[in-house]
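The next block holds one structure in the form of structure tokens; read it before the comments.
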Amino acid sequence: MQGGSSGIGYGLKYQARCISDVKADTDHTSFITGTLSLREENEVHLIRLSSGGTELICEGLFSHPNEIWDLASCPFDQRIFSTVFSTGESYGAAIWQIPELYGQLNSPQLEQIASLDAHVGKINCVLWWPSGRHDKLISIDDENLLLWSLDCLKKVAQVQSKESAGMLHYLSSGAWDPHDVNAVAATCESSVQFWDLRTMKKANSIEHAHIRKANYDVKKKHMLVTAEDESGIHVWDLRKPKIPVKELPGHMHWTWAVTCNPEYDGLILSAGTDSTVNLWLAPTSASDESTSGSIAESPTQQADPLLNSYSDYEDSVYGLAWSSREPWIFASLSYDGRVVVESIKPFLSRK
């Protein structure tokens, strides 16, 4: 099924490429995003969906000193988030706290809780454990994986352990297993490496070319979805990692982002440099097929894994985020700074 966007839009002032669901905000459907301007003062936007679901409201607008390449909201404190940023000459990462707003829109400066300054190369991402409160963080640069101990009250982050991926590996991104606090997947150009944080050693790997992003299935243990430059989207059962259990065609150009729905089995979002967001239904077992009728409305939709293609974008789409509070809602972010929030309720069964 093809179709343009019928969603709710919000425009950033500058280009952008990262957006995050504010999971810890249990009262609102909220997202946080940041801009990517080399010459202008960058901004962090805290946006919320109105109670009627008809508009996106800016709840806070904050200056950020450098262009933002990665942003992630803390899963247990809605005022805390991380950024990876570039000064144009070097990369850094920090943990920030949003000040109390007291009804103000243009708020006081962000408060820096800690600087993740143990990296010497290009930092790619910061990972929070997605399944609850945890005092550890992970940061990944081109060559290393670092485990941090974070104390927000004392405003300090210390490296607990550090390990190199090896001379022939170039790390690009990662995902923390929501089912196992000691398991992390790190992507590189030719594989996904699985790390055991207790030993800081690689436990296993998937050897596959040009993997750009990975995302664990929150609803199912051992399931991982990967986005690959040219070969599309693969779904893996990590108990048998030789071949994927499901293959989806991906995008007309590079498949840049992929994420699993936090509530509905088999629902996957992907985005790419073809200026398109795709919604997939990809159950991975016979038992899933029997329950997938609660998601798809018709046998035709069940037969075709592509439920919808949102193509009303004018630039590459790099950012995707499901709402954990309302899992039938997702936000997308295109490089021109356009946020679009969509509802997938038309594809859920009417009970």
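Figures for the structure shown
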{"read-out": "Cβ-Cβ under 8 Å pairs, at least 6 apart or on other chains, region 212-233 side on the phi < 0 side of the Ramachandran plot, far side of a type in the set (Val, Ile, Thr) and open to solvent by 40 Å² or more (accessible area, probe 1.4 Å)", "value": "LYS220/THR284; MET223/THR284"}
{"read-out": "Scope region 198-223; condition among the β-branched types (Val, Ile, Thr), closer than 24 Å to LYS162 by Cβ and crowded, with 18+ Cβ neighbours inside 10 Å; matching residues", "value": "ILE206, ILE211"}
{"read-out": "Subset of region 265-287 [part of a loop (DSSP other than H, G, I, E, B), closer than 26 Å to PRO75 by Cβ and out of contact with any Ser or Thr (no Cβ under 8 Å at 6 or more places or on another chain)]", "value": "ALA282, THR284"}
{"read-out": "Some residue of region 26-41 being free of Cβ contacts under 8 Å to residues at least 40 places away in the same chain and touching a His at 6+ places or on another chain (Cβ under 9 Å)", "value": "yes"}
{"read-out": "Pairs, first among the aliphatic types (A, V, I, L, M) and part of a loop (DSSP other than H, G, I, E, B) in region 164-184, second open to solvent by 40 Å² or more (accessible area, probe 1.4 Å) and modelled with pLDDT under 85, C-beta under 9 Å, six or more apart", "value": "LEU168/SER190"}
{"read-out": "Candidates ILE57, ILE95, filtered to the one that is among the hydrophobic types (A, V, I, L, M, F, W, C), under 21 Å from the mean Cα position of the chain (by Cα) and either open to solvent by 30 Å² or more (accessible area, probe 1.4 Å) or at pLDDT 95 or above (or both)", "value": "ILE95"}
{"read-out": "Residue list for region 131-149, filter: farther than 20 Å from ILE211 by Cβ and either assigned to a loop (DSSP other than H, G, I, E, B) or open to solvent by 20 Å² or more (accessible area, probe 1.4 Å) (or both)", "value": "SER131, GLY132, ARG133, HIS134, ASP135, LYS136, SER149"}
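The values are calculated or read from the model by the stated rules, or taken from the named source; none is laboratory data. This structure is a prediction, so every number in the text was calculated from the model and none was measured. No Cβ is skipped: glycine too gets one built from the backbone with ideal geometry, and neighbour counts run over all protein chains shown. Accessible surface is based on the protein model in full, side chains and every heavy atom, while ligands, DNA and RNA are left aside. Shrake-Rupley method; radii C 1.70, N 1.55, O 1.52, S 1.80 Å.
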